[in-house]
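This report refers to the structure that appears directly beneath it.
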Amino acid sequence: MSSPAPPPAILLMGPTASGKTAVAAQLATTLPCEIISVDSALVYKGMDIGTAKPDADLLKRAPHHLIDVIEPHESYSAARFRDDALALMREITERGNIPLLVGGTMLYFKALVEGLNDLPEADSTVRLIIETMAEDEGWPAVHEKLRKVDPETAARLEPNDAQRIQRALEIYYLAGRSMTDLLKKPKYVYFPYTPIRIALLPEDRAVLHERIAQRFDAMLEAGLVDELRGLRETYGLDAELPSMRCVGYRQAWDFLENRISRAELREQGIAATRQLAKRQLTWLRGMDNYTGFDCLAADVGDLVLEYVRRELEAQIMAGEA
């Protein structure tokens with residue numbers, strides 16, 4: 001007698017400003033779904049404007065898990081996300097509902113489905129050595145050092161992406177092997193679900209870029225700078241915290257420190273968000289077994305809903321066969 005198929009889980013992925021929240025809300029208010037946020041910025045309390053956090057009305061209609069989990073001076077990791085998400089998915093399934101995982105943090109999706117890797121833990125001495133290199137030579141020079149020992153990882157990173165460059169080079173110095181090599185060997189894989197993978201992708205990248213600009217302008221109008229000013233006063237933050245490296249907040253920080261003008265804040269914030277979208281799309285191109293939909297289509301929510309219904313029906317029929 002064959003064992004029953006694993007329960008379904010919907011994975012809704014896409015770049016920033018692709019409309020994931022609206023599509024997820026349509027699914028969650030039509031199907032027996034519960035939303036789990038897959039976003040490394042939405043976990044922070046108080047960071048509402050710059051993360052485009054769903055408003056109170058939407059959260060009432062379509063509650064989200066893994067939003068407002070920690071405070072901005074704290075850290076969150078892919079490992080913790082995986083543990084939290086799997087625990088929530090089990091609870092949601094036991095309630096007879098379907099986990100709907102929605103977001104743009106592709107590393108979290110990868111960690112969830114493919115498992116974690118046995119990477120060395122952070123070492124303050126090695127990090128200090130790398131930071132000293134950067135102070136002396138600049139992060140682009142450190143990026144070049146990374147390219148020589150781990151070209152694949154370096155190719156995915158911008159020359160000034162200090163946090164990720166530092167971590168990749170730290171791994172190489174500690175393990176004697178590149179992060180690319182280590183990531184090819186999962187430590188463990190436990191994902192007892194049948195995933196329905198969906199990606200919202202722009203047919204016209206220029207239109208997505210315009211959406212990004214409009215959304216960043218709306219954030220500035222809504223008070224992004226004042227929000228950050230309040231967070232700094234409340235939590236005593238510093239610029240190197242993971243929360244403050246989030247797109248938008250990093251540029252707003254520079255503005256508050258009088259390093260850039262208001263016009264430069266807008267320009268750099270939009271450019272950084274477009275770079276984020278580019279990285280997200282690169283991650284998606286490297287993934288397999290997803291069904292893509294044009295995020296710019298007016299009826300994209302209806303198309304995704306129809307597709308999910310068909311997939312769920314197919315899984316039910318397969319289970320009964």
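The values are calculated or read from the model by the stated rules, or taken from the named source; none is laboratory data. None of the values given here were measured: they were computed from a predicted structure. Neighbour counts run over all protein chains shown; Cβ positions are idealised from the backbone, glycine included.
Which members of the stretch 247-281 meet the condition of being over 24 Å from residue 108 (Cα atoms), among the small types (Gly, Ala, Ser) and crowded, with 21+ Cβ neighbours inside 10 Å?
Within the stretch 247-281, 252 is the sole residue that qualifies.
Quick one: how many residues across the stretch 101-131 are of a type in the set (Asp, Glu) and either touching a Lys or Arg at 6+ places or on another chain (Cβ under 8 Å) or crowded, with 19+ Cβ neighbours inside 10 Å (or both)?
1
Exactly one of (1) without any contact (Cβ under 8 Å) to a residue 24 or more places away in the chain; (2) over 18 Å from the mean Cα position of the chain (by Cα) is unmet by residue 219. Its number?
(1)
Which one of these is in contact (Cβ under 8 Å) with a residue 24 or more places away in the chain and farther than 25 Å from residue 242 by Cα: 29, 16, 21, 51?
Only one candidate qualifies: 29.
Go through the stretch 272-296 and report how many residues are without any contact (Cβ under 8 Å) to a residue 40 or more places away in the chain and in a loop (DSSP other than H, G, I, E, B).
Selection size over the stretch 272-296: 2.
Sort out which residues of the stretch 29-45 are in contact with a Pro (Cβ under 9 Å, 6 or more places away or on another chain), assigned to a loop (DSSP other than H, G, I, E, B) and crowded, with 19+ Cβ neighbours inside 10 Å, and write them in order of number.
Of everything in the stretch 29-45, those that are in contact with a Pro (Cβ under 9 Å, 6 or more places away or on another chain), assigned to a loop (DSSP other than H, G, I, E, B) and crowded, with 19+ Cβ neighbours inside 10 Å turn out to be 40, 42.
Would you say residue 234 is polar (S, T, N, Q), surrounded by 15 or more Cβ atoms within 10 Å (Cβ to Cβ), touching a residue at least 24 places away in the same chain (Cβ under 8 Å) and over 30 Å from residue 33 (Cβ atoms)?
On the way: polar (S, T, N, Q): yes; surrounded by 15 or more Cβ atoms within 10 Å (Cβ to Cβ): no; touching a residue at least 24 places away in the same chain (Cβ under 8 Å): yes; over 30 Å from residue 33 (Cβ atoms): yes.
Criteria not met by residue 234.
I'd like to verify a number: residues in the stretch 133-157 that are small (Gly, Ala, Ser) and under 25 Å from residue 281 (Cα atoms), how many?
First, pick out the residues of the stretch 133-157 that are small (Gly, Ala, Ser): 134, 138, 141, 154-155.
Those still in the list that are under 25 Å from residue 281 (Cα atoms) too: 154-155.
Number satisfying all stated conditions: 2.
Among all residue pairs at least 6 apart or on different chains, which show Cβ distances below 6 Å where the first residue, located in the stretch 258-271, is modelled with pLDDT of 95 or more and the second is surrounded by 13 or more Cβ atoms within 10 Å (Cβ to Cβ) and part of a helix (DSSP H, G or I)?
Going by the 6 Å Cβ cut-off, the qualifying pairs are 260/254; 265/251; 265/255; 268/251; 269/216; 269/251; 270/213; 270/216.
Mind listing just one residue for me: the one in the stretch 77-100 that is touching a residue at least 12 places away in the same chain (Cβ under 8 Å) and assigned to a loop (DSSP other than H, G, I, E, B) and, of those, surrounded by the most Cβ atoms within 10 Å (Cβ to Cβ)? Even if it seems obvious, please write down each step before you answer.
Going residue by residue through the stretch 77-100, those that are touching a residue at least 12 places away in the same chain (Cβ under 8 Å) are 78-79, 81-82, 84-86, 88-89, 92-93, 95-100.
Narrowing the set further to residues that are assigned to a loop (DSSP other than H, G, I, E, B) leaves 95-97.
On the way: 95: 10, 96: 8, 97: 15.
The qualifying residue surrounded by the most Cβ atoms within 10 Å (Cβ to Cβ) is 97.
Here's the yes/no breakdown for (1) crowded, with 22+ Cβ neighbours inside 10 Å; (2) outside any loop (DSSP other than H, G, I, E, B):
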{"position": "5", "(1), (2)": "no, no"}
{"position": "10", "(1), (2)": "yes, yes"}
{"position": "22", "(1), (2)": "no, yes"}
{"position": "26", "(1), (2)": "no, yes"}
{"position": "47", "(1), (2)": "yes, no"}
{"position": "52", "(1), (2)": "no, no"}
{"position": "59", "(1), (2)": "no, yes"}
{"position": "75", "(1), (2)": "no, no"}
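Can you name every residue in the stretch 142-151 that is surrounded by fewer than 13 Cβ atoms within 10 Å (Cβ to Cβ) and over 18 Å from residue 174 (Cβ atoms)? Steps first, answer last, please.
Of all residues in the stretch 142-151, those surrounded by fewer than 13 Cβ atoms within 10 Å (Cβ to Cβ) come to 148, 151.
Passing the criteria: only 151.
In the stretch 128-177, what residues are aromatic (Phe, Trp, Tyr) and over 26 Å from the mean Cα position of the chain (by Cα)?
In the first step, residues of the stretch 128-177 are kept if they are aromatic (Phe, Trp, Tyr); the result is 139, 172-173.
The answer is 173, and nothing else.
Which of the residues belonging to the stretch 169-190 are surrounded by 15 or more Cβ atoms within 10 Å (Cβ to Cβ) and within 20 Å of residue 285 (Cβ to Cβ)?
Within the stretch 169-190, 179, 180, 183 qualify.
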